[in-house]
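See structure below.
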Amino acid sequence: MESLLSLLLWPFSACLILTGIHTYLGIHVIRRGVIFVDLALAQMAALGATAALLFGADLHDPAAYWASLGMTLIGAAFFSLSRLRDEKIPQEAMIGIVYVVSAAAAVIVLDRAPGGAEHIRGLLVGNILTVTPAQITKTALLYAAVGLFHWFFRKTFLLISFNPDAALRKGYRLRLWDFLFYAAFGVVVTSSVSLAGVLLVFAFLIVPAVASLLAAEGIAPRLWIGWGIGTAASLLGLAASVMLDLPTGAAVVCAFGLLLLVLVTGRSLLKISRPGVRQRLLVETPLERTKKP
């Protein structure tokens, strides 16, 4: 038991750090309606890292990190320009295009690099079990700086994410603030991908935020619920990975999915079990339900 706890100490610490920053950013992402921006920026970061491979760098070298960060900042600039008030094309469509093009470009680059298949697997699911105290310390300091940045400008970021029309009426420059949001987000994603892989980063961003939005109102309760879900999924996934010899990143992602399924099912059963709701559901026809606003 002691050896198991020592093995999981640093990976669990890394998961807690990821949970802390990604839950908050995930709430913003969902309210902005750009669910897959994390995948797109993560894939651009992966593209930068794979490009560095062709020049002899390792995925964990500083050169690969700066190449990843440069690509994510390009993505941040593009996404800040692609949001229009009266847009005919949803911004999510542009984000999807960026993701699929970046993924295809990364495959092409890795096809030219030795051990390309292994690099793809590493970028997708990472290997959080091998994180070191130095990596965790550096990542924690970086995320703390991003967190302070968001704290100082929290009112502006929350207003733009939750009510962009009101922000426009107050004279805020949406494109500038969007770029600052996506740039800070890109800094987080770049470090997160190198630490945990694309899929796990997406799970940490979206699942706790979705769970918190389903379960509570207000930013503070949502953060606490999201942090709780992230902590529980991390413990469950890491323990399953070690005891059942499963890929760590994939196990944690599946744990997130399982907890979200339990939450959604429990919430639905709770609603149906209420007498007023149950009676209304029995009396109303399906057509009548769909006509309600």
- Per the filter on region 213-227, residues small (Gly, Ala, Ser) and within 18 Å of Ile17 (Cα to Cα) are Ala220, Gly226
- Task: Can you give me the number of residues within region 89-108 that are in contact (Cβ under 8 Å) with a residue 60 or more places away in the chain and closer than 19 Å to Ile30 by Cα?
- Result: 3
- Query: Can you tell me which residue in region 11-39 is surrounded by the fewest Cβ atoms within 10 Å (Cβ to Cβ), limited to those that are out of contact with any Leu (no Cβ under 6 Å at 6 or more places or on another chain) and modelled with pLDDT under 85?
  - Reply: Gly33
- Query: What are the pairs, 6+ residues apart or on separate chains, where a residue within region 63-78 that is touching a residue at least 24 places away in the same chain (Cβ under 8 Å) and under 21 Å from Leu176 (Cβ atoms) has its Cβ under 9 Å from a residue that is acidic (Asp, Glu) and in a helix (DSSP H, G or I)?
  - Reply: Ala76/Asp178
- Message: Return the residues of region 180-199 that are in a helix (DSSP H, G or I) and either out of contact with any Leu (no Cβ under 8 Å at 6 or more places or on another chain) or among the small types (Gly, Ala, Ser) (or both); say none if nothing qualifies.
- Response: Leu180, Phe181, Ala183, Ala184, Gly186, Ser191, Ser192, Ser194, Ala196
- Could you list all residues from region 122-132 that are modelled with pLDDT under 65 and either outside any helix (DSSP H, G or I) or among the β-branched types (Val, Ile, Thr) (or both)? Val125, Gly126
- Does region 133-149 contain any residue that is assigned to a helix (DSSP H, G or I) and farther than 30 Å from Leu238 by Cβ? no
- Check every one of the helices (runs of 4 or more DSSP H) wholly within region 219-293 and list those with 2 or more residues that are surrounded by 10 or more Cβ atoms within 10 Å (Cβ to Cβ) and at pLDDT 80 or above. 219-244, 248-273
- Here the residues within region 178-213 that are within 14 Å of Gly249 (Cα to Cα) and of a type in the set (Phe, Trp, Tyr) are Phe202, Phe204
- Item | Residues located in region 23-55, provided they are among the charged types (D, E, K, R) and more than 14 Å from Val193 (Cβ to Cβ) | Arg31, Arg32
- Note on the structure: For Phe204, the lone unmet condition from (1) in contact with a Gly (Cβ under 9 Å, 6 or more places away or on another chain); (2) surrounded by fewer than 20 Cβ atoms within 10 Å (Cβ to Cβ) is (2)
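The values are calculated or read from the model by the stated rules, or taken from the named source; none is laboratory data. Owing to the predicted nature of the structure, the values given are computational and were not obtained by experimental measurement. Here Cβ is always computed from backbone atoms with ideal geometry, including for glycine, and neighbour counts include all displayed protein chains.
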